[in-house]
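For reference, the structure is listed below as structure tokens.
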Amino acid sequence: MGMDPLFDGHGRRISDLRVSVTDRCNFRCQYCMPADGLPWLERAEVLSFEEIERVVRVTARMGVTDVRLTGGEPLVRRDFPGLVGMLARVPGVEDLSLTTNGYLLERDADALVEAGITRVNVSIDSLQKDRFFQLTRRDSLPQVLRGLDAIARHERVWPIKVNAVALRGFTEEEAIPFAEFARSTSFQVRFIEFMPLDGDHAWSPDQVLTGEELREIIDRVHPLEEAPREPHATARVFRLADG
Ligand code: SF4
């Protein structure tokens, strides 16, 4: 049986639900967590799979169709593909997406697709091994790239998005490698605005590298043209003008 739909404060119908399945993570990104991690939640404070499924089931009856699974790092949660399977069976859920740092994706890609994940976003802030280590405090870029390859074998979840946080003083050097990565692979690269997350209290407004600055850096080397976007999309979309 359906229930009254959900609306936000601007009267817009809510169709998305974002579920953070754990506060834990196997990385320690400079802008997110201290090197020693955070005081993690007690197990009893974290929703069980059954509780998450119940929340999703109730909100789906109120019109939620898109469920985004995040963390922390979702794949560190034991038997995470089992949760995906439970949520994929909830009536009304049409889109079940995952945002991951990719470290455990090589292990879990097949199980996630089999369980019913429909979209995957992989967070990678640098394509250079030493700079990746500097930012995440983990020497794991090759492992993450293997994870990307593993999930990319499943065309059912294409297009796979690679998300890079745009940090002033860091991402300027990454812009061209990412543009060339987007050109030479099937992945869609997205630069994400640096927001105050902010376990390490590292955020300040002057660390935000704007989309305009990034576009200028790329456009000087690889001219860009704006592509159409969906009416409700928050991102602006560009493609390389020479194809
Ligand atoms: S930004 Fe993501 S990958 Fe990095 S420490 Fe935070 S939760 Fe983990």
Odd one out for GLU212 among (1) closer than 26 Å to SER97 by Cα; (2) away from the ligand (no atom under 16 Å from the Cβ); (3) assigned to a helix (DSSP H, G or I): (1)
Long-range neighbours under 8 Å by Cβ, at least six apart or interchain, first residue over 16 Å from VAL144 (Cβ atoms) and of a type in the set (S, T, N, Q) within segment 11-33, second in a strand (DSSP E or B) and within 9 Å of the ligand (Cβ to nearest atom): SER20/THR70
Unique match (being closer than 27 Å to VAL157 by Cα and within 16 Å of the ligand (Cβ to nearest atom)) among GLU230, GLU180, GLU193: GLU193
Looking only at segment 1-39, and only at residues there that are among the hydroxyl-bearing types (Ser, Thr, Tyr) and not in a strand (DSSP E or B), the one that is farthest from the ligand (Cβ to nearest atom): SER15
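Listed here are the residues, each with its yes/no results for (1) touching a Ser or Thr at 6+ places or on another chain (Cβ under 6 Å); (2) surrounded by 13 or more Cβ atoms within 10 Å (Cβ to Cβ); (3) on the phi > 0 side of the Ramachandran plot.
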position	(1), (2), (3)
PHE133	no, yes, no
LEU141	no, yes, no
LEU148	no, yes, no
GLY169	no, no, yes
GLU180	no, yes, no
SER184	no, no, no
PHE191	no, yes, no
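If you go through segment 40-80 one residue at a time, how many are in a helix (DSSP H, G or I), within 16 Å of the ligand (Cβ to nearest atom) and touching a residue at least 40 places away in the same chain (Cβ under 8 Å)?
Just the residues of segment 40-80 that are in a helix (DSSP H, G or I), to begin with: 43-45, 49-61, 74-76, 80.
Cutting the leftovers down to within 16 Å of the ligand (Cβ to nearest atom) gives us 74-76, 80.
Subsequent filtering for residues that are touching a residue at least 40 places away in the same chain (Cβ under 8 Å) retains 74, 76, 80.
The number of residues fulfilling the criteria is 3.
Would you confirm whether any residue within segment 221-234 is of a type in the set (D, E, K, R), surrounded by 15 or more Cβ atoms within 10 Å (Cβ to Cβ) and at pLDDT 95 or above?
The answer is no, given that none of the residues of segment 221-234 is of a type in the set (D, E, K, R), surrounded by 15 or more Cβ atoms within 10 Å (Cβ to Cβ) and at pLDDT 95 or above.
The values are calculated or read from the model by the stated rules, or taken from the named source; none is laboratory data. Here the structure is a predicted model, which is why all the values come from computation and not from measurement. No Cβ is skipped: glycine too gets one built from the backbone with ideal geometry, and neighbour counts run over all protein chains shown.
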